[in-house]
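I have placed the structure first, in the form of structure tokens, so that the comments after it can refer back to it.
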Amino acid sequence: MIAHARDARIDMLRGVSILLVLLHHFNIPYSLKDTGLAALLGWPFLHALARNGNYGVTMFFVVSGFLITRNALDRWGGLDRIRPGAFYTLRAARILPCLLLALLTVDALALAGAQIFGNRADAAVSLWTVNAAALTAWVNVLIVQHGWINYPLGVLWSLSVEMAFYLLFPLACLALRRGWALAALAAGLIVAGPLYRLASQGEAGAYLYGYAACFDAIAMGCCAAVLARRGRFAVLGRPAVRAIIGAAMAGLYLAWPIGQSNVLGTTAMAFGTALLLLGGATASRAHARPLRALAACGRLSYEIYLFHLVVLGLIRGWAPPALASGDARVALLAVYLAASCAAGWLVARWWSEPANAALRLHTRA
């Protein structure tokens, strides 16, 4: 089994992704339009930066597909030799401790009377149904059918997509076995993604939250991991090429709202992310000078993602958006970013990482 050292480039990519998501979610209740930050950066630019946080999730999907495939190849030597039981146990050890803590935290706050942590007053399903959906990978289905039912738990829609991928990945590898068959499946998902998003434009959120709307990004990550093992893409590791790819992704991100650009925009953002991952796999480590804070956010991205709306919900209770104006919102943004990162670090340091290590040790034993 080959063990990869932690990749700072991937952590930085995750760091960018999580910060885009955090900014997007903050700007919804606390618009930054009439603030000093908007005056400094220009509101059109700041608005464009804040509105497309879902593309950050697209980038996460690509990274997930890449790492899951690369780690499976390293651990078992081939996708046709993957062991589903061990694969599921390893995924559960990473995913479930943090997820269970997030559910317990939100449930406790809701039962304590913090209204923002309960379901919407007009929600058609109970909080316990949302909990069940979170544990069985269909929060995204609930959101498509009923809207954003629960404020802090709504973000689990993307984890539901990930969990569905985790469930299907080893089964597909063993059922298809041959490389050409797996490549055909990936190609089918990549083609189906934009077609599904195009067909779902009139549906509430399906073009963002549906399984088929997201699996193309994961498939691109899987393909990048397989191609990276062949080592024929050194040109993608050149700084100038990576800068061009990054600039093209930034241009797409800023040019159009995701509601207008999602059909092919999601495909393009996923493809760009896959190219960056493929280039990172071939780039010389001598060129890697990670920004430590950004990489640290990337390492904690799962914990930050699950708890950032808990933090924002508490801030909204303490400083209601209607009463916060001007640069007070910028100050709240700083508090929110710092508190979300701190919460992610605390959860990782004292709960999810020890639990993950203990469960993996038990599995080896």
Open item on the list: If the requirement is being under 23 Å from ARG70 (Cβ atoms) and in contact (Cβ under 8 Å) with a residue 40 or more places away in the chain, which of these qualifies: GLY188, GLY231?
Closed with: GLY231
Task: Residue in region 78-104 that is surrounded by the most Cβ atoms within 10 Å (Cβ to Cβ), counting only those that are among the β-branched types (Val, Ile, Thr) and in a helix (DSSP H, G or I) - done: ILE95
- [ ] Would you check if ALA184 is open to solvent by 20 Å² or more (accessible area, probe 1.4 Å), assigned to a helix (DSSP H, G or I) and either over 24 Å from ARG316 (Cβ atoms) or in contact with an Asp or Glu (Cβ under 6 Å, 6 or more places away or on another chain) (or both)?
- [x] yes
Open item on the list: For the structure I just gave you, tell me whether LEU159 is within 24 Å of GLY317 (Cα to Cα) and modelled with pLDDT of 95 or more.
Closed with: no
TODO: Give the number of residues within region 323-332 that are open to solvent by 80 Å² or more (accessible area, probe 1.4 Å), aliphatic (A, V, I, L, M) and either within 13 Å of ASN27 (Cα to Cα) or touching a Leu at 6+ places or on another chain (Cβ under 7 Å) (or both).
DONE: 0
Open item on the list: With the structure loaded, tell me whether GLY237 is surrounded by fewer than 17 Cβ atoms within 10 Å (Cβ to Cβ) and either of a type outside the set (Phe, Trp, Tyr) or closer than 21 Å to SER158 by Cα (or both) or whether it fails that test.
Closed with: no
- [ ] Give the residues of region 35-64 that are without any contact (Cβ under 8 Å) to a residue 60 or more places away in the chain, surrounded by 18 or more Cβ atoms within 10 Å (Cβ to Cβ) and outside any helix (DSSP H, G or I), sorted by residue number.
- [x] GLY53
- [ ] Select from region 6-24 the residues that are part of a helix (DSSP H, G or I) and either at positive phi or of a type in the set (Lys, Arg) (or both) and list them in ascending order.
- [x] ARG9, ARG14
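A quick yes/no check of all residues on (1) open to solvent by 30 Å² or more (accessible area, probe 1.4 Å); (2) assigned to a helix (DSSP H, G or I); (3) farther than 18 Å from ARG70 by Cβ; (4) free of Cβ contacts under 8 Å to residues at least 60 places away in the same chain:
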| site | (1), (2), (3), (4) |
| --- | --- |
| TRP157 | no, yes, yes, yes |
| ALA175 | yes, yes, yes, yes |
| GLN201 | yes, no, yes, no |
| ALA225 | no, yes, no, no |
- [ ] Looking only at region 9-28, count how many residues are within 17 Å of ALA48 (Cβ to Cβ) and open to solvent by 10 Å² or more (accessible area, probe 1.4 Å).
- [x] 8
- [ ] State the number of residues belonging to region 110-123 that are farther than 11 Å from ILE149 by Cα, open to solvent by 80 Å² or more (accessible area, probe 1.4 Å) and not aliphatic (A, V, I, L, M).
- [x] 1
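Listed here are the residues, each with its yes/no results for (1) hydroxyl-bearing (Ser, Thr, Tyr); (2) within 26 Å of ALA137 (Cα to Cα).
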site: MET12; (1), (2): no, no
site: GLY15; (1), (2): no, yes
site: GLY36; (1), (2): no, no
site: TRP43; (1), (2): no, no
site: SER64; (1), (2): yes, yes
- [ ] Report, by residue number, each residue of region 289-329 that is outside any helix (DSSP H, G or I), in contact (Cβ under 8 Å) with a residue 60 or more places away in the chain and over 20 Å from ARG6 (Cα atoms).
- [x] ALA324, SER325, GLY326
Task: Hits in region 124-147 (condition: buried (at least 16 other Cβ atoms within 10 Å of the Cβ) and in contact with a Gly (Cβ under 8 Å, 6 or more places away or on another chain)) - done: LEU127, VAL139, ASN140, ILE143, VAL144
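The values are calculated or read from the model by the stated rules, or taken from the named source; none is laboratory data. Just so we're clear, the structure is a prediction, and the values are computed from it rather than from any experiment. Cβ coordinates were reconstructed from backbone atoms using ideal geometry, including for glycine residues, and neighbour counts include every protein chain displayed. All accessible areas refer to the heavy atoms of the entire protein, side chains included, with ligands and DNA or RNA removed. Shrake-Rupley method; radii C 1.70, N 1.55, O 1.52, S 1.80 Å.
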